[in-house]
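The values are calculated or read from the model by the stated rules, or taken from the named source; none is laboratory data. Keep in mind that this is a model prediction, so the values were computed, not measured. For neighbour counting, all protein chains shown are included, and Cβ atoms are generated from backbone atoms with ideal geometry for every residue, glycine included.
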Amino acid sequence: MNISVYFKLSLNSLRANKIRSILTMLGIIIGVASVILLVSIGTGLQAYVTSQFTSLGSNVVFVLPGKVDLKRGTQGRPLTQVSKFELQDVAELNRIGGPIKQASPMIQTQGILRAHGESVSVPIIGVWENVFDIRNLSVHAGKRIAQSDVERSRKVIVLGSDTAKNLFGTEENPLNQTVTINEIRYTVGGVLESKGGGGIGANLDEQVYIPLSTALRQFNQSKPAIILVEALDQASVEDASSVTKKLLLRRLKEDDFTVLEQKELLSTINQFLGTITLALGGIAAISLLVGGIGIMNIMLVSVTERTREIGLRKAVGAPPEAILIQFLIEAVVLSLVGGIIGILLGSIGAVLLSRVIQTSVSLWSVVLSFSFSAFIGIVFGVAPAIRAARLDPITALRYE
Amino acid sequence: MEGVEFVALQDVSLTVSKGEFIAIIGPSGSGKSTLMHLIGCLDTPTRGILSFDDADISKISSRDLARIRNQKIGFVFQQFNLLRKTSALSNVELPLIYANVNAKERKDRAIAMLSNVGLADKLSNFPSQLSGGQQQRVAIARALVTSPLILLADEPTGNLDSKSGREILDMFQELNQNGHTIILVTHDMNIAREAKRIVQIKDGSIVSDKKK
């Protein structure tokens, strides 16, 4: 018998038992599609956060108070430590030149903004003018915080695009309107261009900016909490970080501050996101398993009928290998077709979902889910055939 | 029952000649099923000689047995054993597929055979759309489509009403008159009387062998 005859036998059998074929494929489709989709969400999340981070400016070095070790955690000390930075340090960093382009002090706190009876809780950041350059923030309307605003502690505020929208809607012009923070009135001086991105993690478009001096007074602080140091270019980031460290050590102790490069932060965050992807992968694996059990179920339920069928085929003269080849082709065709449909559905789902959150289909999820489903499909498709092919035809015919 | 030796047939000697219509009769457990399995090349004897069409097949492989079943034996079962979701025509074509007959000839021969059993107008019907008698006639067409040397029928009327049963038995008579060798296995003496020779089995041995 040549192979095309076997194919015809198998395809006829699949067509004759449509419901069984479809249900088996459904198990494979669900398993494959869900793994691809869920893993694409995890990978997309990772890509999204990475891109958000680099949009902050990848030449930036962060100086944080206290000792922070990203690998070993805070070792029992509180994460928020009292800052010992002086504005003098920032001025010196700006003067030193070399690998350092500029430095900017910051203080950040969560606070409630009110206007027109609307109120929003947003990150309020006290800044110098140069922070807008370092973090690539540009104004959509009005002006950014000027260094003269800082010098005179003016009560001006620059709103992130989302916060402007939330407080004033899309109709009203927020410029020169008044917003209050703890009863203190600020004038809106500018609204920032949107940084884009969805609602995962910190939304940069919610942040609002006020002059650092005003912020220190408003929140009753005396020292900036963070210093951003911008290196000349990507290549000089390490130099900038060591120059910064050396300069600060002249006045402060080793344990008083930590200099972090962006890539260190990024790798820590990616580690965390990797765990999320793994968790999503775990959920997907469960659906793969459920799909697999579905396949087994249908295959096992049809064993009785199929055993009789095999008995009959043997009685009318099918040689043992003919039975096996037919069942193998059936299982392979179901697994292949189901797998391909699953891959298509999973990918289409990921593409559709990317309108809401970023997704990215990864090859390993496709390969893994497809091969697992195909394995289950083939094993449980062929197992009854192997068993039944060993029975003598009459026993198989009478199988209950 | 594993490990316990069970002797189903002992000292049985039976020769069937071409063109005979023979009934094998006996109560259940008498060994008539085992005898039928041997005659039908579904099983080989543990001891003794089984020869078929002038060849000793006592010790041949399961693959060769399958070939003999395919080419030289036609089975008719009590339960019809048609493939449920497959048309009458495809059911009859099935043995020809395993005989490597090409598609066109397969179809022609299956149609001719279904016409012979009076089902020319039911080619594309599924078994569920046919009466019991019609299903058994499809099964007979399937058994005969390979032009076998013998037609082996196991309680062929057991699942039929008396009228359909009568029709099937008449069909067997007609086939026998046309030269087919028929072996009918039954427990019912009334049906056995259709045959020209009746072999009675009891406790694994032949107790009588009468020709009409």
(request) With the checklist (1) assigned to a loop (DSSP other than H, G, I, E, B); (2) more than 26 Å from A:V5 (Cα to Cα); (3) free of Cβ contacts under 8 Å to residues at least 12 places away in the same chain in hand, flag the one item B:P156 doesn't pass. (result) (3)
(request) Among residues belonging to the range B:12-35 that are small (G, A, S) and over 15 Å from the mean Cα position of the chain (by Cα), point out the one that is surrounded by the most Cβ atoms within 10 Å (Cβ to Cβ). (result) B:G26
(message) Condition (residue is surrounded by 17 or more Cβ atoms within 10 Å (Cβ to Cβ), assigned to a loop (DSSP other than H, G, I, E, B) and β-branched (V, I, T)) applied to the range B:40-47: is it met by at least one residue?
(response) no
(request) Mind telling me which of the residues B:V117, B:V4 ends up being modelled with pLDDT under 90 and away from every other protein chain (no Cβ under 14 Å)? (result) B:V4
(request) Just need a number here: residues in the range B:65-114 that are basic (K, R) and either more than 8 Å from chain A (Cβ to nearest Cβ) or buried (at least 20 other Cβ atoms within 10 Å of the Cβ) (or both). (result) 6
(request) Identify the single condition in (1) free of Cβ contacts under 8 Å to residues at least 24 places away in the same chain; (2) surrounded by fewer than 20 Cβ atoms within 10 Å (Cβ to Cβ) that B:N125 does not satisfy, given that it satisfies every other one. (result) (1)
(request) Select, from B:I39, B:I57, B:I68, the only residue that is closer than 19 Å to A:A396 by Cβ, touching a residue at least 12 places away in the same chain (Cβ under 8 Å) and in contact with a Cys (Cβ under 9 Å, 6 or more places away or on another chain). (result) B:I68
(request) Would you check which residues across the range A:234-276 are aliphatic (A, V, I, L, M) and assigned to a helix (DSSP H, G or I) and list them? (result) A:A235, A:V237, A:A240, A:V243, A:L247, A:L248, A:L249, A:L265, A:L266, A:I269, A:L273, A:I276
(message) For the range B:190-197, check the following and say yes or no: at least one residue is in contact (Cβ under 8 Å) with a residue 60 or more places away in the chain, assigned to a loop (DSSP other than H, G, I, E, B) and at positive phi.
(response) no
(message) Suppose we keep only residues that are part of a loop (DSSP other than H, G, I, E, B) and hydroxyl-bearing (S, T, Y) within the range B:48-64. Which one would you say is nearest to the other protein chains (Cβ to nearest Cβ)?
(response) B:S61
(request) Scan the range A:13-25 residue by residue and report those that are touching a helix residue (DSSP H, G or I) at 6+ places or on another chain (Cβ under 7 Å), within 10 Å of chain B (Cβ to nearest Cβ) and not hydroxyl-bearing (S, T, Y). (result) A:R20
(request) All but one of (1) among the basic types (K, R); (2) more than 34 Å from the chain's Cα centre (by Cα); (3) in a loop (DSSP other than H, G, I, E, B) hold for A:K195, so report the exception by its number. (result) (2)
(request) Pick out the one residue from A:G44, A:G57, A:G97, A:G73 that is loosely packed, with under 15 Cβ neighbours inside 10 Å, modelled with pLDDT under 90 and either within 24 Å of A:R135 (Cα to Cα) or aromatic (F, W, Y) (or both). (result) A:G97
(request) Being buried (at least 21 other Cβ atoms within 10 Å of the Cβ) and within 14 Å of chain B (Cβ to nearest Cβ) is the filter here, so list the residues in the range A:284-315 that pass it. (result) A:R306, A:T307, A:E309, A:I310, A:G311, A:L312, A:R313, A:K314, A:A315
(request) Looking at (1) among the aromatic types (F, W, Y); (2) surrounded by 22 or more Cβ atoms within 10 Å (Cβ to Cβ); (3) farther than 18 Å from B:L175 by Cβ, find the lone condition where B:F52 falls short. (result) (2)
(request) Tell me, please, whether a residue that is of a type in the set (D, E, K, R), closer than 30 Å to A:K143 by Cβ and under 31 Å from the mean Cα position of the chain (by Cα) can be found in the range A:214-235. (result) yes
(request) Provide a single number: the residues in the range A:363-399 that are more than 14 Å from chain B (Cβ to nearest Cβ), surrounded by fewer than 19 Cβ atoms within 10 Å (Cβ to Cβ) and of a type in the set (S, T, Y). (result) 1
(request) Quickly run through the range A:111-147 and pick out the residues that are closer than 24 Å to A:V90 by Cα and among the hydroxyl-bearing types (S, T, Y). (result) A:S138
